[in-house]
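The values are calculated or read from the model by the stated rules, or taken from the named source; none is laboratory data. Nothing here was measured: the structure is a model prediction, and the numbers come from that model. For neighbour counting, all protein chains shown are included, and Cβ atoms are generated from backbone atoms with ideal geometry for every residue, glycine included. Areas reflect the complete protein model, heavy atoms only, side chains present, ligands, DNA and RNA absent. Shrake-Rupley method; radii C 1.70, N 1.55, O 1.52, S 1.80 Å.
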Amino acid sequence: MNLNDNFLMKRCLNLASKGIGRTSPNPMVGAVIVSNNKIIGEGYHKGYGEDHAEVCAIKSVKNKKLLEGSTLYVNLEPCNHFGKTPPCTDLIIRKKISKVVIGTSDPNPKVSGKGIKKLIENKIDVKVNILKEECSELNKRFFCYQRNKRPYIILKWAESKDRFIAPSNKKNGKIYWISSPKSRKLVHKWRSEEDSIAVGINTIISDNPQLDNRYFGGKSAIPIIIDPDNRLKNNFKVFQKHKKIFHFIDTKINDFSKSSIKINFEKSIESMINYIYKKNINSILVEGGAKTINSFIDLNLWDEARVFRSKKNLITGIKAPVFSYSNEIIKKNISEDELSYYLNSLENKL
């Protein structure tokens with residue numbers, strides 16, 4: 001079989017995607033090593049602080065003599081700086097790998113072409129931008145964080161056929177589910193893939209959600225609770241499920257928990273985003289309610305929206321969010337619901 005560049009880069013992407021939800025604030029990276037048109041080693045970055053993909057791939061090669069003169073494929077530029085682990089470029093040079101094929105350069109200023117430059121300076125043949133768009137898409141959270149200096153923001157909600165996000169009054173204070181059980185399980189999968197989940201205090205009081213991913217498993221995202229008047233109580237379910245919570249209250253509040261974060265609510269979303277960015281949070285899944293989601297839309301501070309549309313009609317209730325500047329990219333059926341994905345069509349920065 002002819003192992004061409006595109007085939008091998010796709011393999012890198014498949015490997016890299018196994019690390020979703022576990023590598024942040026690092027990117028997802030996969031690596032493949034080829035010698036004499038045969039794959040001799042593979043690896044991917046399994047979690048923050050663990051070996052990088054290039055190191056894992058090199059370690060997996062049984063006959064280390066084959067590394068000399070081999071070709072390394074990797075979806076993101078190898079690092080050239082000391083972080084949690086040593087520079088991958090140094091290891092590549094030391095093992096006498098003769099060629100490195102890279103999906104895309106790294107936007108992190110600590111890397112950003114420096115890894116490529118060092119490899120070339122050490123007489124290694126370097127080829128860049130193989131399946132560049134696919135490689136950038138995989139690490140859209142990391143790229144947004146590095147380039148826009150903020151987390152990647154995903155809006156998510158479920159709406160009825162007649163465009164309501166919730167009924168006006170809930171019976172016995174119970175959650176009224178607009179979406180199907182299968183759709184809700186998918187949302188739990190999404191939660192495992194993101195760094196944080198943002199909700200307003202009205203959602204906490206109304207639904208008392210756990211904000212976990214019990215229907216899917218894996219790492220739980222950190223809840224972000226937007227609570228200007230400090231109405232959050234310790235008996236809410238979210239405290240039973242999470243050790244760490246970002247609880248934002250207004251600067252005017254005098255009596256508050258030491259764990260709460262005081263921000264100016266005249267610019268609440270911008271202040272919250274800046275704080276979260278400084279805490280190395282690469283992504284936010286904004287789950288509700290309508291007021292919170294609309295505040296992100298009004299500021300044009302979102303990258304992607306995922307909207308479930310049910311066949312149910314509510315007649316009256318809380319109106320679903322509306323956005324004018326969006327491109328629908330995918331539409332599919334999830335059980336009895338219709339799921340649409342949108343990308344923000346405008347450039348959005350703080």
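A few notes on this one:
- Any hit, region 91-110, residues being within 25 Å of the chain's Cα centre (by Cα) and without any contact (Cβ under 8 Å) to a residue 24 or more places away in the chain: no
- Members of region 1-39 that are open to solvent by 40 Å² or more (accessible area, probe 1.4 Å) and more than 20 Å from residue 220 (Cα to Cα): 1, 2, 4, 6, 7, 10, 11, 14, 36, 37, 38, 39
- Checklist (1) under 18 Å from the mean Cα position of the chain (by Cα); (2) on the phi < 0 side of the Ramachandran plot; (3) assigned to a loop (DSSP other than H, G, I, E, B) applied to residue 284, failing item: (3)
- For region 241-263, the set of residues classified as at pLDDT 90 or above and polar (S, T, N, Q) consists of 251, 260, listed by residue number.
- Contact annotation: residue pairs with Cβ atoms under 6 Å, 6 or more positions apart or on different chains, pairing a residue in region 312-329 that is part of a loop (DSSP other than H, G, I, E, B) with a partner that is modelled with pLDDT of 90 or more and charged (D, E, K, R), are 313/161; 313/162; 320/159; 320/163.
- Scanning region 163-183 for any residue that is within 27 Å of the chain's Cα centre (by Cα) and in a strand (DSSP E or B) turns up at least one such residue.
- In summary, helices (runs of 4 or more DSSP H) completely within region 2-111 and bearing 1 or more residues that are of a type in the set (Phe, Trp, Tyr) and at pLDDT 95 or above occur at 5-16.
- Members of region 241-259 that are in contact (Cβ under 8 Å) with a residue 24 or more places away in the chain, closer than 24 Å to residue 191 by Cα and of a type outside the set (Lys, Arg): 242, 246, 248
- Among residues of region 121-169, those that are open to solvent by 40 Å² or more (accessible area, probe 1.4 Å), touching a helix residue (DSSP H, G or I) at 6+ places or on another chain (Cβ under 8 Å) and not aliphatic (A, V, I, L, M), counted: 4
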